Amino acid sequence: MNLRIPGPTPCPEDVLLAGAQQMIDHRGPEFADIIARVHTGLQTIFSTANDVAILTSSGTGAMEGAIVNTLSPGDRVMNVSIGVFGERFGQIAEAYGAEVVKPHTEYGSAADPDMVGSMLADDPTIKAVLVTHNETSTGVTNDIGAIAKVVRSHDRLMLVDAISSVGCVPVQTDAWDLDVVVTGSQKGFMVPPGLAFAAVGPRAREAAKTATMPRFYFDFEKHFSYFERGQTPWTPAVSVMFSLDLAIEKLLADGMEAVYTKHAKIASDVRAGVKELGLELFVKDEAYASNTVTAVKVPEGVELSKLRGLLRSDRNVVVAGGQGSLDGKIFRIGHMGHITDEDVADVMESLADVLPRAGFPVPA
Ligand SMILES: *Cc1c(COP(=O)(O)O)cnc(C)c1O
């Protein structure tokens, strides 16, 4: 199956097989070796010297951790949301009692750093800014470096959901001076779901000392204190750690610059391919188009369920639909992690094959 959803992503065979090893003592020396190696690799991939908490959860658990470790009920936070995952970040903060304010943004566009700056200037009580690096629901990548510069100049915390960008698109945690950056195992890492990671900077760790949101499972300081002993506080997803260990080794052997270049090229090929078919990208300004997922407008008269059904049944190609208010209006082609030029060509040939049957004549 050509699984082209934006996570979980296909995994290389050897990464899957690595996960099929016998269990080990998660409080023994073998695990200590693995977690030390994985942690160093994560620091390289996050471009950070900060400690990275390794959590057993999906990415959303790390988003929750970013919030509950740094904030207190009643804190004002700015949620710079440009899509469904941005909304989720704000919902988590609200669930724990934060007061969430939201600048106006439009689905399909990136967030405007100047707007973030003027809102922060107007409201000195905003303690933290929540922002998605790559909004998987719309196929748009924010300029995190520019937003971070503004947030830093106003001295607020910046919590970043980089779940669909880490390991595919450069995330300069230290150069951009980001406070918490989170991701999960099943997107750019080419590893099955089950682990999430949070790079936590010094300001965030200082904030944790006075933050009063309730936390236990996702208490970052507990994770860091156990890490010193080569462990996690709770039983980790050991099999996923085996796979991750190998996947990181493979990524670093390829070199992160080469991995980023490959994602940029594949994404550019996907965008060119869909436009050649006469389809339109959902992103308003292609300069902000995501290098990990491409959102495509469903053409007038085409029923998306029929299009996706034909791709699946006749071509063994699985693409994602739209989420929330974009349901039925866009479809999304995932191209993060393990993907080849042949996979891209197969998606384009398959679209050319089934689109006419779904009611859209493809240009010759
Ligand atoms: C996939 C994704 C999430 C959710 O992660 P889960 O692992 O499903 O909890 C959040 N944010 C972004 C940007 C994502 O791509």
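Could you please find all residues in region 160-180 being under 18 Å from residue 49 (Cα atoms), assigned to a strand (DSSP E or B) and within 12 Å of the ligand (Cβ to nearest atom)? Even if it seems obvious, please write down each step before you answer.
Taking region 160-180 as the starting set, the residues that turn out to be under 18 Å from residue 49 (Cα atoms) are 160, 162, 166-167, 170-180.
Those left that are additionally assigned to a strand (DSSP E or B): 160, 180.
Passing the criteria: only 160.
Hey, can you tell me all the residues within region 220-236 that are hydrophobic (A, V, I, L, M, F, W, C) and surrounded by 21 or more Cβ atoms within 10 Å (Cβ to Cβ)? Within region 220-236, 220 is the sole residue that qualifies.
Could you say which residue among 49, 110, 20, 62 is in a helix (DSSP H, G or I) and among the small types (Gly, Ala, Ser)?
On the way: 49 fails: in a helix (DSSP H, G or I); 110 fails: in a helix (DSSP H, G or I); 20 fails: in a helix (DSSP H, G or I).
Testing whether each residue is in a helix (DSSP H, G or I) and among the small types (Gly, Ala, Ser) leaves just 62.
Taking the stated definitions as given, is residue 231 within 16 Å of the chain's Cα centre (by Cα) and in contact (Cβ under 8 Å) with a residue 12 or more places away in the chain? Here the answer is no, as residue 231 does not meet what is asked. Might you check whether a residue that is of a type in the set (Lys, Arg), away from the ligand (no atom under 16 Å from the Cβ) and farther than 18 Å from residue 191 by Cα occurs anywhere in region 24-36? Yes: one or more hits. Take region 234-264 and flag every residue that is polar (S, T, N, Q) and either in contact (Cβ under 8 Å) with a residue 24 or more places away in the chain or outside the structural domain of residue 351 (by TED's automatic domain parsing) (or both). Scanning region 234-264 gives 235, 239, 243.
For region 103-154, which residues satisfy the criterion of being of a type in the set (D, E, K, R) and either modelled with pLDDT under 95 or farther than 17 Å from residue 82 by Cβ (or both)? Explain how you work it out, then say what you get.
Taking region 103-154 first, the residues of a type in the set (D, E, K, R) are 106, 112, 114, 122-123, 127, 135, 143, 149, 152.
Once the filter is applied, which keeps residues that are of a type in the set (D, E, K, R) and either modelled with pLDDT under 95 or farther than 17 Å from residue 82 by Cβ (or both), region 103-154 yields 106, 122, 123, 127, 149, 152.
Take residue 267 and tell me if it is surrounded by 15 or more Cβ atoms within 10 Å (Cβ to Cβ) and either of a type in the set (A, V, I, L, M) or touching a residue at least 60 places away in the same chain (Cβ under 8 Å) (or both).
Yes: the conditions hold for residue 267.
Among the numbered conditions (1) within 14 Å of the ligand (Cβ to nearest atom); (2) more than 27 Å from residue 252 (Cα to Cα); (3) in contact (Cβ under 8 Å) with a residue 60 or more places away in the chain, the only one that residue 91 does not meet is (3). Of the candidates 71, 120, the single residue that is crowded, with 17+ Cβ neighbours inside 10 Å, away from the ligand (no atom under 14 Å from the Cβ) and assigned to a helix (DSSP H, G or I) is 120.
Would a scan of region 98-109 turn up a residue that is touching a helix residue (DSSP H, G or I) at 6+ places or on another chain (Cβ under 6 Å), assigned by TED's automatic domain parsing to the domain that holds residue 207 and small (Gly, Ala, Ser)? Walk me through how you get there before you give the answer.
Taking region 98-109 as the starting set, the residues that turn out to be touching a helix residue (DSSP H, G or I) at 6+ places or on another chain (Cβ under 6 Å) are 100, 103.
Still in the running and assigned by TED's automatic domain parsing to the domain that holds residue 207: 100, 103.
The next check asks that each one be small (Gly, Ala, Ser); those that pass are none.
No, region 98-109 contains no residue that is touching a helix residue (DSSP H, G or I) at 6+ places or on another chain (Cβ under 6 Å), assigned by TED's automatic domain parsing to the domain that holds residue 207 and small (Gly, Ala, Ser).
Only one residue in 82, 54 is touching a His at 6+ places or on another chain (Cβ under 9 Å) and not in a helix (DSSP H, G or I). Which one? Talk me through it step by step, then tell me what you get.
Details: 82 fails: touching a His at 6+ places or on another chain (Cβ under 9 Å).
After ruling out the rest, the residue left standing is 54.
Contact annotation: residue pairs with Cβ atoms under 9 Å, 6 or more positions apart or on different chains, pairing a residue in region 44-67 that is of a type in the set (Phe, Trp, Tyr) with a partner that is within 16 Å of the ligand (Cβ to nearest atom) and in a strand (DSSP E or B), are 46/181; 46/183; 46/197; 46/199.
Could you tell me whether region 204-219 includes any residue that is surrounded by fewer than 20 Cβ atoms within 10 Å (Cβ to Cβ), within 16 Å of the ligand (Cβ to nearest atom) and not acidic (Asp, Glu)? Yes - at least one qualifying residue is present in region 204-219.
Among the residues of region 73-97, how many are among the hydroxyl-bearing types (Ser, Thr, Tyr) and closer than 21 Å to residue 144 by Cα?
The number of residues fulfilling the criteria is 1.
Do we find that residue 222 is away from the ligand (no atom under 16 Å from the Cβ) and within 29 Å of residue 26 (Cβ to Cβ) in this structure? When the stated conditions are applied, residue 222 passes them. Within region 11-23, the set of residues being buried (at least 19 other Cβ atoms within 10 Å of the Cβ) and either within 16 Å of the ligand (Cβ to nearest atom) or over 14 Å from residue 241 (Cα atoms) (or both) comprises just one member, 11.
The values are calculated or read from the model by the stated rules, or taken from the named source; none is laboratory data. On a predicted model such as this, the values are computed, not experimentally measured, just so you know. Glycine also receives a Cβ, built like all others from the backbone with ideal geometry; neighbour counts cover every protein chain displayed.
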